[in-house]
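Worksheet: one structure, shown below.
The values are calculated or read from the model by the stated rules, or taken from the named source; none is laboratory data. All figures in this text were calculated on a predicted structure; none of them were measured in a lab. For neighbour counting, all protein chains shown are included, and Cβ atoms are generated from backbone atoms with ideal geometry for every residue, glycine included.
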């Protein structure tokens, strides 16, 4: 299995120009950081993604993220193949549920999107939403009774990333206060961290470590992640592997990532099921939009498990 990471650099689309630069291998990245401490129990990551392109420039790629994400689309046209069918949006404030597998996504023209991810369980604790109902879908913030239009108007008046982040955090604090400030279940937070560290543990053993029945753990995780514990761990393994294959992972973890799978056929089978292509195909095709998402997730993951200090240089930079 060692040859998995010895196939050369993943393909790059030379026409895709991210405003925030590239990795050493030429992969595009967005700008992201952890939230301020006072909102960290509910918020996972803040990010800005932007490309400068001609009005008719089209990118066909994908999206795969394991958290609910609010995306404030300030510029560009997006076309997503959701569970509800193909949907196209322009300037909008959207709430994307987590993906169970890669969602086909295209952009047309230059785009600018600013957003943030929720920690698992925030939907239940704060917004009274059911994560399962949002899987592979998106809805507008206004439909949720959240100030999407107001946030768009404020964001459009800013021109720098930290200005956008300040606007988002202002609205987040107001929503947390309005909704009562209940934090996600501690069991959910423990499971989230364990899955980030190494998603190959036995669910029964983890429940025993927490001192709770396995069925209770399964109910809490299914409620807050929208998937069973085993499904969450399977997706987490695949996302970590995808980041490594795209050159936005920590090379020091490569051997450990491979050990999460029984053998090469197991890896290929699970990866193909979730991404719709084999690892070889995944490496051979440019995946600019997906790579930016994977990079942001991996940056947050490495900070959460203390492999990289917040704001420090990342392994792929």
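Sort out which residues of segment 188-201 are in contact with a helix residue (DSSP H, G or I) (Cβ under 9 Å, 6 or more places away or on another chain) and either assigned to a helix (DSSP H, G or I) or surrounded by fewer than 17 Cβ atoms within 10 Å (Cβ to Cβ) (or both), and write them in order of number.
Passing the criteria: 188, 190, 191, 192, 193, 194, 195, 196, 197, 200, 201.
Scanning for something closer than 30 Å to residue 234 by Cα, modelled with pLDDT of 95 or more and assigned to a loop (DSSP other than H, G, I, E, B), does segment 102-118 turn up at least one residue?
There is at least one residue in segment 102-118 that is closer than 30 Å to residue 234 by Cα, modelled with pLDDT of 95 or more and assigned to a loop (DSSP other than H, G, I, E, B).
Does residue 166 satisfy the condition of being without any contact (Cβ under 8 Å) to a residue 60 or more places away in the chain, more than 20 Å from residue 301 (Cβ to Cβ) and not in a loop (DSSP other than H, G, I, E, B)?
yes
From 24, 3, 71, 7, which residue is in a loop (DSSP other than H, G, I, E, B) and either at pLDDT 95 or above or farther than 20 Å from residue 292 by Cβ (or both)?
None of the others qualify; the one that does is 7.
Which of (1) within 27 Å of residue 59 (Cα to Cα); (2) surrounded by fewer than 17 Cβ atoms within 10 Å (Cβ to Cβ); (3) at pLDDT 95 or above does residue 153 not meet, given it meets every other one?
Unmet condition: (3).
Somewhere in segment 283-298, is a residue under 23 Å from residue 34 (Cβ atoms), in contact with a helix residue (DSSP H, G or I) (Cβ under 6 Å, 6 or more places away or on another chain), surrounded by fewer than 18 Cβ atoms within 10 Å (Cβ to Cβ) and modelled with pLDDT of 95 or more?
no
In the list 33, 104, 45, 71, which residue meets the criterion of being surrounded by fewer than 17 Cβ atoms within 10 Å (Cβ to Cβ) and either under 27 Å from residue 271 (Cα atoms) or in contact with a helix residue (DSSP H, G or I) (Cβ under 8 Å, 6 or more places away or on another chain) (or both)?
It is 104.
Among all residue pairs at least 6 apart or on different chains, which show Cβ distances below 9 Å where the first residue, located in segment 131-148, is on the phi > 0 side of the Ramachandran plot and at pLDDT 95 or above and the second is part of a loop (DSSP other than H, G, I, E, B) and surrounded by 16 or more Cβ atoms within 10 Å (Cβ to Cβ)?
Within 9 Å, the pairs are 136/97; 136/98; 136/99; 136/100.
Yes/no matrix, rows are residues, columns are (1) under 15 Å from the mean Cα position of the chain (by Cα); (2) in a loop (DSSP other than H, G, I, E, B); (3) surrounded by fewer than 22 Cβ atoms within 10 Å (Cβ to Cβ):
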position: 53; (1), (2), (3): no, yes, yes
position: 88; (1), (2), (3): no, no, yes
position: 99; (1), (2), (3): yes, yes, no
position: 132; (1), (2), (3): no, no, yes
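Quick check on segment 207-236: of everything there that is in contact (Cβ under 8 Å) with a residue 40 or more places away in the chain and outside any helix (DSSP H, G or I), which residue is farthest from residue 274 (Cα to Cα)?
Residue satisfying both the conditions and the ranking: 226.
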